[in-house]
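Only one structure is covered here, and it is reproduced in the block below.
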Amino acid sequence: MNPPDELPEGRKPHSATTRSVSVRVVDVYPYRIQRDTPELLVLRRSDQASYAGTWRMVGGTMEADETAWQAALRELREETGLVPEQFWALPSLNHFYEWQHDRINLIPAFAAAVSGPPTLNHEHDGWAWVSVGEAEQRLQWPEQQRLARLVASMCAQGVPKALQIPVDAASHTT
């Protein structure tokens, strides 16, 4: 029997640095306040899009020259036509393991206070303003459900200034 810190003969130690950790996509949770209660905007993925038929928040891939928050603003605009009145970083990440690529994905998440109906692009074929409870039922993934609850909680408690991203609605710059 081998001591606890030794591997059986012929086996090599695993190095954590051989695994890929990726920050390549962002999530955005659009919301509005109705009668002092947050409602989340959820979008149904079209038949031509990945995750067809599922309900999701806004999300997408970061471009090479973008920061995560810039990608979030662009994706919000592209997928919904909406510009945020308030925009902030959630103090938590979405994360999951992608077995097809043996990759751990860390996903920066943002919240965007918006108003008006969305104008959907080709990625979505439906939308709804829903309570946080209904968002939890519609969103497929546990981390997205958890972050939806976090958005609602932070809306009720107040968003710390350090998380708020000042955005000029006309130019999308800080």
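The values are calculated or read from the model by the stated rules, or taken from the named source; none is laboratory data. This structure is a prediction, so every number in the text was calculated from the model and none was measured. Heads up, the Cβs are rebuilt from the backbone with ideal geometry, glycines too, and the neighbour counts pull from every protein chain shown.
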remark   = Residue hits (the range 72-92; of a type in the set (Ser, Thr, Tyr) and crowded, with 23+ Cβ neighbours inside 10 Å) are 80
remark   = In the range 115-147, residues that are in contact with a strand residue (DSSP E or B) (Cβ under 7 Å, 6 or more places away or on another chain) and without any contact (Cβ under 8 Å) to a residue 24 or more places away in the chain total 1
query = From the residues in the range 26-46 that are among the polar types (S, T, N, Q) and part of a strand (DSSP E or B), which one is surrounded by the fewest Cβ atoms within 10 Å (Cβ to Cβ)?
reply = 34
message = For the structure I just gave you, tell me whether residue 128 is under 19 Å from residue 73 (Cα atoms) and in contact with a helix residue (DSSP H, G or I) (Cβ under 9 Å, 6 or more places away or on another chain).
response = no
query = Within the set of pairs 6 or more residues apart or between chains, which connect a residue that is of a type in the set (D, E, K, R) inside the range 103-114 to a residue that is crowded, with 17+ Cβ neighbours inside 10 Å with Cβ atoms less than 7 Å apart?
reply = none
key: Neighbours by Cβ (under 7 Å, 6+ apart or cross-chain): first from the range 160-174, loosely packed, with under 10 Cβ neighbours inside 10 Å; second modelled with pLDDT of 55 or more and basic (Lys, Arg)   = none
request  = Evaluate the range 93-106: report whether one residue or more is buried (at least 16 other Cβ atoms within 10 Å of the Cβ) and under 21 Å from residue 37 (Cα atoms).
outcome  = no
